[in-house]
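**Q** Take this structure, written in structure tokens, and hold onto it; I'll ask about it next.
The values are calculated or read from the model by the stated rules, or taken from the named source; none is laboratory data. Treat the numbers as computed from the prediction; the structure is a model and nothing was measured. Positions of Cβ are generated from backbone atoms using ideal geometry, with glycine treated the same way; all protein chains shown enter the neighbour counts.
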Amino acid sequence: MVDLGTVSHFLGMVVSMDTNGHTISLTQEGYIDRVLERFGMAHCKPIGTPMEKDKPGMKGGGAKPWNRTLYLQLIGSLGWIATGTRPDIAFTVSYLARFNADPNDRHWLCAKGVLRYRAGTKKLRLSLRGEMRPGVRLAGFVDSDFAGDAGTLKSTSGYVFLLGMGMIQWHSKRQALTATSTADAEFIATASAMQELVWFRNLIKEIIRSELPVSTLYNDNQA
């Protein structure tokens, strides 16, 4: 093994550290630039949101089939960005990936819209700050829509976990079960998030070799 020094690049992510400020930041600006160039969007006009409220569905009047290979390449690239440093596009990429088997031109335009959003926000970075001292809490926030997927009437869950003030995990996925009420959808989302929260607590305890304070999982459900 060879000691290459402090890490600065890792799987397309740029890692920057400030030892005095106890800060570590991750950014994929260079990778985003390469993706924009690859799909001919290097000089596109940025937009302010990753996806419009009216999402493209499975079928639509006038929609034309699109090149599946090209679509998969774009969704795969966006998926790595969403997984690595950008939770703000997690839902959009997860939603568009549902059409990998049979994409049409509306799905493609929506995916290109994510690229336009990326172009305007590529300098944003994910940061963790502060010392890992006793008393730092691991907390989570979870939510769900209800029957938001028009094709299956299934709901979509989403959660984020914070260690102190730093985001360390996020997820957005369509639920496997069909919820029959908003309370049912929220319960399914909370149960899934709780499993992940317990796993992360055990992982962090192994790393820091000490107990964590009680974690809280927040859900805005009032059912």
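**Q** Would you mind finding the one in Arg38, Arg68, Arg86 that is under 15 Å from Val114 (Cα atoms) and surrounded by fewer than 16 Cβ atoms within 10 Å (Cβ to Cβ)?
**A** Working: Arg68 fails: under 15 Å from Val114 (Cα atoms); Arg86 fails: surrounded by fewer than 16 Cβ atoms within 10 Å (Cβ to Cβ).
Only one candidate qualifies: Arg38.
**Q** If I filter region 83-90 for residues that are touching a residue at least 60 places away in the same chain (Cβ under 8 Å) and either in contact with a Phe, Trp or Tyr (Cβ under 6 Å, 6 or more places away or on another chain) or in the same structural domain as Thr190 (by TED's automatic domain parsing) (or both), do I get at least one hit?
**A** Going residue by residue through region 83-90, those that are touching a residue at least 60 places away in the same chain (Cβ under 8 Å) are 84-85, 87, 90.
If we keep only those that are either in contact with a Phe, Trp or Tyr (Cβ under 6 Å, 6 or more places away or on another chain) or in the same structural domain as Thr190 (by TED's automatic domain parsing) (or both) too, we end up with 87, 90.
For region 83-90, residues touching a residue at least 60 places away in the same chain (Cβ under 8 Å) and either in contact with a Phe, Trp or Tyr (Cβ under 6 Å, 6 or more places away or on another chain) or in the same structural domain as Thr190 (by TED's automatic domain parsing) (or both): present.
**Q** Given Glu206, Glu186, which one is within 30 Å of Gly151 (Cβ to Cβ) and of a type outside the set (A, V, I, L, M, F, W, C)?
**A** On the way: Glu206 fails: within 30 Å of Gly151 (Cβ to Cβ).
Going through Glu206, Glu186 in turn, just one is within 30 Å of Gly151 (Cβ to Cβ) and of a type outside the set (A, V, I, L, M, F, W, C): Glu186.
**Q** A further question on this structure: I need every pair where a residue in region 62-75 that is closer than 13 Å to Phe99 by Cβ has its Cβ under 8 Å from the Cβ of a residue that is loosely packed, with under 14 Cβ neighbours inside 10 Å, sequence separation at least 6 or different chains.
**A** Pro65/Asp102; Arg68/Asn100; Arg68/Ala101; Arg68/Asp102; Tyr71/Asn100; Leu72/Asn100; Ile75/Asn100
**Q** Then there's this: Does region 7-46 hold any residues that are out of contact with any helix residue (DSSP H, G or I) (no Cβ under 8 Å at 6 or more places or on another chain), touching a residue at least 40 places away in the same chain (Cβ under 8 Å) and under 12 Å from Gly84 (Cβ atoms), and which are they?
**A** Across region 7-46, the qualifying residues are Thr27, Glu29.
**Q** Determine whether region 181-193 contains at least one residue that is in contact with a Leu (Cβ under 8 Å, 6 or more places away or on another chain), aromatic (Phe, Trp, Tyr) and closer than 15 Å to Tyr218 by Cβ.
**A** no
**Q** Kindly indicate the residue of region 176-223 that is outside any loop (DSSP other than H, G, I, E, B) and acidic (Asp, Glu) and also surrounded by the most Cβ atoms within 10 Å (Cβ to Cβ) among those meeting that condition.
**A** Taking region 176-223 as the starting set, the residues that turn out to be outside any loop (DSSP other than H, G, I, E, B) are 182-208, 217-219.
With the extra rule that they be acidic (Asp, Glu), the set shrinks to 184, 186, 196, 206.
Working: Asp184: 17, Glu186: 23, Glu196: 16, Glu206: 8.
Per the criteria, the residue is Glu186.
**Q** Still on this model: Considering region 152-175 alone, what residues qualify as being of a type in the set (S, T, N, Q) and either closer than 21 Å to Leu124 by Cα or part of a loop (DSSP other than H, G, I, E, B) (or both)? Before you say what the answer is, go through the steps one by one.
**A** Taking region 152-175 first, the residues of a type in the set (S, T, N, Q) are 152, 155-157, 169, 172, 175.
If the condition is that a residue be of a type in the set (S, T, N, Q) and either closer than 21 Å to Leu124 by Cα or part of a loop (DSSP other than H, G, I, E, B) (or both), then Thr152, Ser155, Gln169, Ser172, Gln175 are the ones that fit.
**Q** Additional query: Take the conditions free of Cβ contacts under 8 Å to residues at least 60 places away in the same chain, assigned to a loop (DSSP other than H, G, I, E, B), out of contact with any Gly (no Cβ under 7 Å at 6 or more places or on another chain) and not assigned by TED's automatic domain parsing to the domain that holds Lys205 and apply them to Asp149. Does it pass? First the steps, then the outcome.
**A** Values: free of Cβ contacts under 8 Å to residues at least 60 places away in the same chain: yes; assigned to a loop (DSSP other than H, G, I, E, B): yes; out of contact with any Gly (no Cβ under 7 Å at 6 or more places or on another chain): yes; not assigned by TED's automatic domain parsing to the domain that holds Lys205: no.
It is false that Asp149 is free of Cβ contacts under 8 Å to residues at least 60 places away in the same chain, assigned to a loop (DSSP other than H, G, I, E, B), out of contact with any Gly (no Cβ under 7 Å at 6 or more places or on another chain) and not assigned by TED's automatic domain parsing to the domain that holds Lys205.
**Q** Hey, does region 166-175 have a residue that's over 26 Å from Ile81 (Cβ atoms) and either exposed (fewer than 15 other Cβ atoms within 10 Å of the Cβ) or at pLDDT below 95 (or both)?
**A** Filtering region 166-175 for residues over 26 Å from Ile81 (Cβ atoms) gives none.
No: zero hits.
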